[in-house]
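Here the structure is laid out as structure tokens; the discussion comes afterwards.
The values are calculated or read from the model by the stated rules, or taken from the named source; none is laboratory data. Small disclaimer: the values here were computed from a predicted structure and weren't measured. Heads up, the Cβs are rebuilt from the backbone with ideal geometry, glycines too, and the neighbour counts pull from every protein chain shown.
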């Protein structure tokens with residue numbers, strides 16, 4: 001992979017609800033259910049049906065590996081618990097993305113601390129069967145390259161090129177300024193291209 005276009009197209013959403021080769025789906029379609037008129041249980045059940053698979057892929061791309069399912073389940077649990085505190089029901093999808101990003105970052109940080117204190121390698125490549133389905137062979141190289149980035153760089157790139165979020169949406173999801181989003185995106189893309197060029201040689 002030797003060009004900006006090739007690198008970006010690998011991360012970019014594909015046409016249709018889910019590409020046949022296992023590539024990421026398009027940006028989330030508008031919800032069919034009016035969440036403001038639904039009770040909490042019905043609204044969250046609808047959000048689960050609509051967003052679960054995409055959030056699972058997001059967690060995997062960010063480095064959650066075999067913990068991806070637990071992280072997404074925890075995100076929905078926290079959404080259920082804090083539902084009354086949402087500004088609007090429509091904010092739920094963004095709230096779920098933020099929780100997945102934060103929990104994945106915490107998971108990676110925990111593993112790094114465990115490595116230092118236990119003086120042993122933690123296998124971060126143990127994958128569940130569902131993880132294997134979510135990522136086809138042609139995406140393993142990309143995931144490996146993403147792991148070489150810092151957590152913030154990885155999040156910025158995945159949110160921008162995979163979920164196709166705007167700069168303001170990424171800023172809100174990551175809890176950082178738009179300027180920081182630009183910086184992490186630019187630095188992450190530069191490093192990602194370098195890593196993938198090296199892997200292609």
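Give me the pairs, please: first residue somewhere in segment 67-89 and touching a residue at least 60 places away in the same chain (Cβ under 8 Å), second residue anywhere and assigned to a helix (DSSP H, G or I), beta-carbon distance under 6 Å, and either six or more positions apart or on two chains.
Listed pairs, sorted by first residue: 68/56; 68/59; 68/60.
Within segment 178-197, how many residues are surrounded by fewer than 16 Cβ atoms within 10 Å (Cβ to Cβ) and more than 19 Å from the chain's Cα centre (by Cα)?
4
Residues checked against (1) assigned to a helix (DSSP H, G or I); (2) more than 24 Å from residue 91 (Cα to Cα):
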{"site": "161", "(1), (2)": "yes, no"}
{"site": "176", "(1), (2)": "no, no"}
{"site": "180", "(1), (2)": "yes, no"}
{"site": "196", "(1), (2)": "yes, yes"}
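Look at segment 72-97 and say how many of its residues are crowded, with 16+ Cβ neighbours inside 10 Å and within 16 Å of residue 163 (Cβ to Cβ).
Going through segment 72-97 one residue at a time, the tally reaches 7.
Collect the residues in segment 166-186 that are in contact with a helix residue (DSSP H, G or I) (Cβ under 6 Å, 6 or more places away or on another chain) and free of Cβ contacts under 8 Å to residues at least 40 places away in the same chain, keeping them in residue-number order.
Residues satisfying the conditions are 167, 170, 171, 178, 181, 184, 185.
Conditions (1) closer than 19 Å to residue 155 by Cα; (2) in a helix (DSSP H, G or I); (3) over 17 Å from the mean Cα position of the chain (by Cα); (4) modelled with pLDDT of 90 or more, marked per residue:
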site: 53; (1), (2), (3), (4): yes, yes, no, yes
site: 66; (1), (2), (3), (4): yes, yes, no, no
site: 69; (1), (2), (3), (4): yes, yes, no, yes
site: 73; (1), (2), (3), (4): no, yes, no, yes
site: 76; (1), (2), (3), (4): no, yes, no, yes
site: 82; (1), (2), (3), (4): no, yes, yes, yes
site: 93; (1), (2), (3), (4): yes, yes, no, yes
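Give me the residue from segment 159-177 that is surrounded by 16 or more Cβ atoms within 10 Å (Cβ to Cβ) and at pLDDT below 90 and, out of that set, farthest from the chain's Cα centre (by Cα).
Ranking the candidates gives 161 first.
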